[in-house]
Amino acid sequence: MNQETEDSTRQTGRVIDFLEVKQLFEDNEERLRLTLLAGGDGLARQIEVKHIHRPGLALAGYIDLFTFERVQVLGNTEINFLRGLSDEQRAASIGRVMEFAIPCLVITNGNDPPAELVEQANARGIPVFGSLHSTTDFTHLLGDYLDDQFAPTTTVHGSLVDVYGTGMLFTGRSGIGKSEIALDLVERGHRLVTDDIIRIDKKAEGVLIGTSPELTRHIMEVRGVGLIDVRRMFGVRGIRVQKRIEVEVHLEEWDDSFEWERIGLDYESTSYLGVDVPLLRLPIFPGKNISMIAEVIALQIHLRVYGLNPAEEMQRRMSEEMNRRKVRNYLIRDYE
Amino acid sequence: MKSQVVTLRNKLGLHARPASHFVKIAGRYRDTKVSIVRDGEVINGKSILGVMMLAAGQGASLEIRCDGPDEETCLAELVELVNNKFYEE
């Protein structure tokens with residue numbers, strides 16, 4: 001059951017189209033231990049995919065399926081292969097690869113670039129970097145960064161709170177009391193991630209991470225009071241920077257026709273960036289302690305993670321009981 | 001007070017989902033009292049745990065009682081739900 005939460009303002013997912021090589025270099029110079037070795041004219045080249053490629057086969061001559069659009073990493077294997085070639089062969093081999101519109105090359109393990117590579121990189125304006133990391137470490141670190149940069153992103157209106165370790169997203173129309181509930185939860189010792197605007201990144205398959213835009217981080221509007229600084233007011237233990245989103249609680253106006261979930265065998269679900277999130281609808285009315293129910297929801301979600309579902313347990317008990325009665329009734333009528 | 005005896009014809013009887021269906025409909029009639037009687041036991045027809053406690057399987061006979069301003073329509077709707085096998089099969 002997929003249902004749009006109608007009054008949460010939601011943008012469709014966005015994916016960045018490209019990343020400039022210059023940006024990659026500036027963001028990672030220290031972390032990836034990078035130095036620019038050649039081809040500085042090409043720093044404006046664009047990386048359009050998050051994958052990494054080792055062009056061993058292309059250097060050896062097989063270029064049919066060469067994924068040239070990726071960042072190319074030359075490890076010990078590639079460099080040793082090139083070293084073993086004659087000067088002419090080496091120039092030809094490198095030329096074969098450099099003919100393609102590759103965004104940039106990285107030579108790992110602090111290896112020196114072959115002179116032919118430097119020459120061609122400068123001529124064609126393809127940046128070549130050196131890294132002191134081993135190839136394995138380097139591809140992990142770069143993969144991480146590229147994953148992050150190319151992660152699909154969306155923005156949602158609501159509050160995100162870590163309740164007993166469960167990332168709980170509160171949505172509902174403006175003024176229904178999302179901030180007040182978040183505040184009440186912080187008072188009870190839970191941790192605010194963000195109020196009002198939530199940036200959602202899809203990290204791994206099926207994992208949504210919510211953060212706040214830096215500008216509004218841990219600042220909250222309380223109607224009737226104005227802006228408050230949650231970090232200053234409640235201290236560092238009342239906040240956190242990001243949290244996986246594990247359940248959405250949609251706050252609604254209560255009326256007589258509202259139909260409550262009564263057993264919780266299966267919850268409704270909503271979806272962000274193609275990832276399903278269980279959705280619970282809670283009506284608000286005076287005397288209803290939403291914070292307390294939010295805590296119960298968090299613990300219920302926890303138990304489900306551990307495979308404990310009281311509705312299923314109840315079903316099992318009922319089946320047992322029905323069977324027991326069936327057998328008993330059969331035996332009662334057995335006048336043999 | 002209106003009442004009617006029904007027999008559960010659906011395969012699972014008054015299992016979790018059918019029970020939740022039943023209490024949801026009963027709950028819509030706020031001013032009408034709904035009870036289910038089985039083997040002399042009377043339970044509140046708006047209580048999910050009560051209805052589940054009956055553990056009424058296929059073939060079981062239940063008496064549905066409705067008492068209040070909407071007793072007639074309420075009873076009719078609940079009987080229809082049971083006779084239509086809770087719209088689940």
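Read-outs: derived from the displayed coordinates by stated rules, not from any lab. A quick note: this is a predicted structure, and the numbers were derived from the prediction, not measured. Methodologically, a virtual Cβ is constructed for each residue, glycine included, from the backbone with ideal geometry; neighbour enumeration extends over all protein chains shown.
Some points to look at:
- Antiparallel DSSP beta bridges within region A:19-149, as percent of all bridges there, nearest 5: 45 percent
- P(r) tail fraction, region B:2-87 - alpha-carbon pairs more than 20 Å apart, %: 19 percent
- Order of B:D39, A:D41 under a 10 Å beta carbon neighbour criterion, fewest first: B:D39, A:D41
- Per residue, the convex hull volume that the Cα atoms of region A:19-149 enclose (Å³): 87 Å³
- The loop-placed trypsin sites (Lys or Arg not before Pro) in region A:22-127, going by DSSP, that have at most 14 neighbouring Cβ atoms within 10 Å of their Cβ come out as A:R31.
- Loop-located chymotrypsin sites (Phe, Trp or Tyr not before Pro) across region A:237-282 with a Cβ neighbour count of 10 or fewer within 10 Å are lacking, with loop assigned by DSSP.
- Expressed as a fraction of 2.2 N^0.38 Å, the value expected for a compact globular protein of N residues, the C-alpha radius of gyration of region A:98-180 is 1.93.
- Applying the criteria of a DSSP loop state and at most 11 other Cβ atoms within 10 Å to the GluC sites (Glu not before Pro) of region A:126-213 yields A:E205.
- Expected 222 nm ellipticity per residue - DSSP helices of 4 or more, -39500 (n - 2.57), all of chain A, to 500: -10500 deg cm²/dmol
- Looking at the protein assembly as shown alone, DSSP beta bridges between its own residues are antiparallel in about 75 percent of cases.
- Rounded to the nearest 20 debye, the dipole size of region B:2-87 about its Cα centre is 380 debye, using +1 on the Cβ of Lys and Arg and -1 on the Cβ of Asp and Glu.
- Other protein chain Cβ atoms within 10 Å, averaged over every residue that makes up A:253-266: 3
- Region A:153-311 - share of DSSP beta bridges that are antiparallel (%, nearest 5): 75 percent
- Look at A:S257, A:S291 and count the other Cβ atoms within 10 Å of each Cβ; fewest to most, that gives A:S257, A:S291.
- Convex hull volume of the Cα atoms of the protein assembly as shown, normalised per residue: 215 Å³.
- Pairs beyond 30 Å (Cα-Cα), from A:K288/B:K85; A:K243/A:K288; A:K203/A:K288: A:K288/B:K85; A:K203/A:K288
- Counted charge near A:E320, where neighbours are those whose Cβ lies closer than 15 Å (Asp, Glu -1; Lys, Arg +1): +3
- Per residue of B:8-20, other chain Cβ atoms within 10 Å of the residue Cβ number 4 on average.
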